[in-house]
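Structure first, commentary second.
The values are calculated or read from the model by the stated rules, or taken from the named source; none is laboratory data. Nothing here was measured: the structure is a model prediction, and the numbers come from that model. Because the Cβ atoms are built from the backbone with ideal geometry, glycine has one as well, and the counts that use them run over all protein chains shown.
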Amino acid sequence: PDLSKILNLFDFELVARQIMTNNGWAYYSSGADDEITLRENHLAYQQIFFRPRILINVSNVDLSTTMLGCPSKLPFYVTATALGKLGHADGEKILTRACGTSGIIQMIPTLASFSFDEIADEAIDGQNQWFQLYVNSDRKVTERIVRHAEERGIKGLFITVDAPALGRREKDMRSKFSSDQDSNVQKINEKESKQIDRNQGAARAISSFIDTSLNWEDIKWFQSITKMPIILKGVQRWEDAVRAAEIGCSGIVISNHGGRQLEFAPAPVEVLAEIEKFLIFVDGGIRRATDIMKALSLGCNGVGIGRPFLYAMSTYGQEGVEKAFDILRDELEMNMRLIGATKIDDLNESFVNIKGTGKR
Ligand code: FNR
């Protein structure tokens, strides 16, 4: 259908399912095991209702915000997702261009289909990007990557901590993928990929280098090699948020990797309700502006969105991703007016009915 017929983020998914390759759809859409966490990520938002305020002058609504010192036109970022070329020949570069025109922050994944430099080069002057890091068992490789990201002006290092083993995404495992289908991830996996079973889907073919020994001590090492703010991506209980704050991390992303890792990991919005006073991002299952507003009301500083932008990229390219941003902007503007808030900072707990969440 014509892009003008797309009314919400779910519409992109419907089109993507029709027109994407089997491999691409299986890799992007899949979640772990029976996809219960995948489902709950979004459904959990549907348990939360608003407490709107009336008679507020909402003629002007300002949706801009700042995340990790980076200005953003809207209170969300494009989170890191691997293998952009499975959806579009220009893959991650499409996301970079759309973010550039729209003033949105992009988190570049370690396992992008394009090299880090190709994606960084695609950014326009002043465009802010973050970097998602999968830690290599060979720390020299990791150190080189981190230092290079810093030199290139990356504004935040997001270390993925929810993937010491790979979740079973069975839809993906049923599809054949070898890492030499993607020259960049092949380079990243170099030595290890030789032992990989190529008939176990994309995720298994690309992630053999990830270090299962990664632990809290290593985070101190990262602090010694970079001045970039360090954010732990994949925190799933409040105790770990406290520990991250104690050791001087700049923030956390409450995330279960979009339901792709631990099956029965909690819905991020419920974990958010447990945590107080920290720089917090949340991702997973965010599909509507109202989801974003609920997360912001519960105390996070911005949200990450993954699959919807992949589907928009895969179906309508850059225009599609820009349209996805526009849809969220329009939804945000209207719903902010309807709950009686005129800027992102206005949002606080008083706007949500937290009965039924884990809020302590
Ligand atoms: C991801 N995610 C992810 N996270 C990460 O730290 N490194 C990675 O390489 C990837 N790759 C990846 C690929 C695909 C296809 C998906 C869907 C997700 C997880 C991602 O950053 C984020 O946590 C979720 O996508 C958020 O959930 P939604 O918005 O997709 O529901």
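Would you pick out the residues in region 61-87 that are polar (S, T, N, Q) and either within 16 Å of the ligand (Cβ to nearest atom) or free of Cβ contacts under 8 Å to residues at least 12 places away in the same chain (or both)?
First, the residues of region 61-87 that are polar (S, T, N, Q): 64-66, 72, 79, 81.
Scanning region 61-87 gives 66, 79, 81.
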*asked:* If I filter region 170-178 for residues that are modelled with pLDDT of 95 or more, out of contact with any His (no Cβ under 6 Å at 6 or more places or on another chain) and surrounded by fewer than 18 Cβ atoms within 10 Å (Cβ to Cβ), do I get at least one hit?
replied: no
*Filter region 219-228 for residues that are within 20 Å of residue 163 (Cα to Cα) and more than 16 Å from the ligand (Cβ to nearest atom); which is surrounded by the fewest Cβ atoms within 10 Å (Cβ to Cβ)?*
220
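Please go through region 316-357 and pick out each residue that is part of a loop (DSSP other than H, G, I, E, B), polar (S, T, N, Q) and surrounded by fewer than 16 Cβ atoms within 10 Å (Cβ to Cβ).
First pass over region 316-357, keeping only residues part of a loop (DSSP other than H, G, I, E, B): 340-342, 347-348, 354-357.
Next cut, polar (S, T, N, Q) only: 342, 348, 357.
348 - this is the single residue of region 316-357 that is part of a loop (DSSP other than H, G, I, E, B), polar (S, T, N, Q) and surrounded by fewer than 16 Cβ atoms within 10 Å (Cβ to Cβ).
Mind counting the residues in region 280-292 that are in a helix (DSSP H, G or I) and either surrounded by fewer than 22 Cβ atoms within 10 Å (Cβ to Cβ) or free of Cβ contacts under 8 Å to residues at least 60 places away in the same chain (or both)?
Applying the first criterion (in a helix (DSSP H, G or I)) to region 280-292 yields 289-292.
From what's left, either surrounded by fewer than 22 Cβ atoms within 10 Å (Cβ to Cβ) or free of Cβ contacts under 8 Å to residues at least 60 places away in the same chain (or both): 289-290.
Adding up the residues that qualify gives 2.
Filter region 197-217 for residues that are outside any loop (DSSP other than H, G, I, E, B) and more than 16 Å from the ligand (Cβ to nearest atom); which is farthest from residue 267 (Cα to Cα)? Break it down into steps so the answer makes sense when it comes.
Pass one, region 197-217, residues outside any loop (DSSP other than H, G, I, E, B): 201-206, 210, 216-217.
Among the residues that remain, those that are also more than 16 Å from the ligand (Cβ to nearest atom) are: 216-217.
Working: 216: 24, 217: 27 Å.
The qualifying residue farthest from residue 267 (Cα to Cα) is 217.
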*Residue that is modelled with the lowest pLDDT, among those in region 273-286 that are more than 14 Å from the ligand (Cβ to nearest atom) and more than 19 Å from residue 216 (Cα to Cα)*: 277
_Test for residue 303: is it under 30 Å from residue 28 (Cβ atoms), part of a helix (DSSP H, G or I) and within 16 Å of the ligand (Cβ to nearest atom)_ = no
*Got a number for residues in region 4-56 being over 30 Å from residue 342 (Cβ atoms) and over 22 Å from the mean Cα position of the chain (by Cα)?*
5
*Report the residue count in region 229-261 for those that are away from the ligand (no atom under 12 Å from the Cβ) and of a type in the set (A, V, I, L, M).*
7
